[in-house]
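The values are calculated or read from the model by the stated rules, or taken from the named source; none is laboratory data. In this text, all values refer to a predicted model and were calculated from it rather than measured experimentally. Here the Cβ is made from the backbone with ideal geometry for all residues, glycine too, and neighbour counts use every protein chain on show. To get the accessible areas, we keep the full protein, side chains included, count just its heavy atoms, and leave off ligands, DNA and RNA. Shrake-Rupley method; radii C 1.70, N 1.55, O 1.52, S 1.80 Å.
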Amino acid sequence: MDIDECLKKIGGFGRYQVILLIVAPIIQGVFTSWQMLSSVFILYAPSHHCKTDEKIDVAIPIEEDGTFAKCSMYTFDGNETTSCVDGWVYEESDKVTSLVTELDLVCDQAILSPNAISIFFCGILAGSVITGQLSDLFGRKTVTWLGMMGTIVCGIILAFIHNYIAFVIVWFFLANFVMGQLTCSFILLLELFRPEQRSLACCIATTAWGFGLCLLTPIAYLLQNWRHFQLAITLPMIPALLFWWFLVESPRWLQSVGRHEDARRVLEKMARFNKVDCSFLEEGSKQERLLAKDKQMNPESHAKKYSVFDTVRTPNLRRWTLVLFFMWTVNSLVYYGLALNSSALAGDRFLNFFILGLAEVPAYLFQIWALPRFGRRQLLLFFHIIASVACIMTIVIPVETSNGTNLTPLITTMAFIGKFCITLTYTVVWIYSSELFPTVIRTIGIGECSMMARIGGISAPYVMYSGKSVSWVPMVLFAVLSAIAGLIMLLLPETLNRPLPESIEDGENLRNTPPVTSAYSIAPNEDDSENTKV
């Protein structure tokens, strides 16, 4: 049964798909973005100084930049300095309660904040591997809902924890479930649309991530107690569980595991919802029954199980997988590095985070127009280079000119451009990777790529922490890696308008697969001269 042909007859954007594109992006984008970047507010470290009974200008040393020292105070005789023996005073303690202020994660304990973020991304890494395998074994829908349930339970528990060790343990498992929800819902959405509609559907879905970040700012501003904030970003997921009855399993996955009758029932449900006559599905029922009978008689021939090794077993898939590993690592490092850096930028931290979150919305909307016209490779190459330049500019531009002109808005603009570009490349590489990996190993491949991305996520807080010693290191590193990631795109084939590969053989021969439609087929034709190399 040709799934793409069936989806065409059902209706590309019928009632079912429209409702799916309204609700699914909220589950896949809004809710997961809240959890993934909540650390910016949960681990916010306000300005602070040692607690003392003396006047601050008498008891606290002055740093070279004219500010009061954060981690030292004068001794009783006033001739020497010592560490903060009686704790700290936080400038915003009357309205801000973060995990940092509760547990005093400052000065010699400051490293515990990036440690916590890295542990969260370790959970994302583990979830990438586990959920990818589970999704190919039990289905996209089942693992998506398992991820949602786990996120709700762990998110609520997290809000009532008062111990650092317990916090990072629960946060680790929360990350596992968030990754299952994010990855499997994205793959499910991708597999429910035909090739020429896939870019639009995925761009609409990923735009929800940007809107989620914009919504996160007012939530964090209104609820500056991290416990109330954590509950506010978790409890809205409970009503979304009711969407279970509407969502269908991926017919592509069902067919790939030999469940042809279940795939037909899924397509019938979509057709009925779209008020389309589904009698055409009966045409393939005889063939499906023959396949099912053959499976019963020859179970060995249909018992093939795929693993992570299948992504690197054949030459082309191995090369593409390794390139994608590097790209995902760089995208994650730069993306989360810029997001975590929002509090360090000059100006209001809420406004900075909102602006950088807002940068993602036009990036996603731009992709809706650009992806069908320019393909994946050109966009990734061009915007990686622009992101590289923007990162360099944020450290080259001074905060103030010699005549006193404030250049903070220009620095924020450069950060906005950098975030815009890296957001665009991060989303394109999600779509691109999903189109390169065959159906039989798609979630395994995406899980592996996401696992490599977590290396970037785990490294991001430490890279930003290194900036406290040498301020230019993070942005220069981001710029160099982003430029390299753009250039190695030339090693990969274009996937624009090409059908999703179903088998390993389809994936290996992807360069030779003609586009489904001639509309906007410029990018696929770029590979014509390379076909002889495969």
Between helix 15-25 and the chain: long-axis angle, C-alpha atoms, 0 to 90°, nearest 10: 30
Separation in nanometres of the label points that stand 7 Å from Cα toward Cβ, at Val476 and Lys9: 6.2
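Once fully extended, how much extra length lies between Thr142 and Leu351, figured as 0.36 nm per residue of separation less the alpha-carbon to alpha-carbon distance?
71.4 nm
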Amide H contacts of Asn225 (H built 1.01 Å from N, under 5 Å, at least 5 apart or other chain): Thr97
Exposure rank, largest accessible area first [Leu242, Leu358; 1.4 Å]: Leu242, Leu358
Of all accessible heavy-atom area on segment 175-228, the percent that carbon and sulfur account for (1.4 Å): 74
Separation of alpha-carbon centers, segment 193-258 and segment 96-113, rounded to whole Å: 31
Proportion of all alpha-carbon pairs of segment 155-285 beyond 21 Å (%): 58
Orientation-averaged projected area, Cα convex hull of the chain (nm²): 27.1
Lys/Arg +1, Asp/Glu -1 at C-beta; the chain dipole; positive extreme among Ile455, Val470, Ala24: Ala24
Carbon and sulfur %, accessible surface of segment 48-134 computed with the full protein complex present, 1.4 Å: 51
Inter-probe distance in nm under a simple model that places probes 7 Å from Cα toward Cβ, at Asp2 and Val312: 3.7
Peptides ranked, highest mean first, by Cβ atoms within 10 Å: ranges 479-485, 386-392, 27-33: 27-33, 386-392, 479-485
Nonlocal amide H pairs with Tyr44, under 5 Å, H built at 1.01 Å: Leu99, Val100
Under the Karplus curve 6.51 cos²θ - 1.76 cosθ + 1.60, θ = phi - 60°, whole-Hz ³J(HN,Hα) for segment 446-459, x wherever Gly or Pro sits: 5, x, 5, 4, 5, 4, 5, 4, 5, 4, x, x, 5, 6
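Nothing charged except the Cβ atoms of Lys and Arg (+1) and of Asp and Glu (-1): what's the magnitude of the dipole of the chain about its Cα centre? Round to the nearest 20 debye.
1900
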The chain - accessible surface per residue (Å², probe 1.4 Å): 41
Cα long-axis angle, helix 285-297 against the chain (0 to 90 degrees, to the nearest 10): 80
Cross-link pairs beyond the 32 Å C-alpha cut-off, checked among Lys55/Lys95; Lys55/Lys419; Lys95/Lys141; Lys275/Lys419: Lys55/Lys419; Lys95/Lys141; Lys275/Lys419
Rounded to whole Hz, the Karplus (6.51, -1.76, 1.60) HN-Hα couplings of segment 80-91, x for glycine and proline: 10, 10, 9, 6, 6, 6, 10, x, 10, 10, 9, 4
Descending semi-axes in whole angstrom, ellipsoid equivalent of segment 433-508, from the Cα gyration tensor: 34, 15, 7
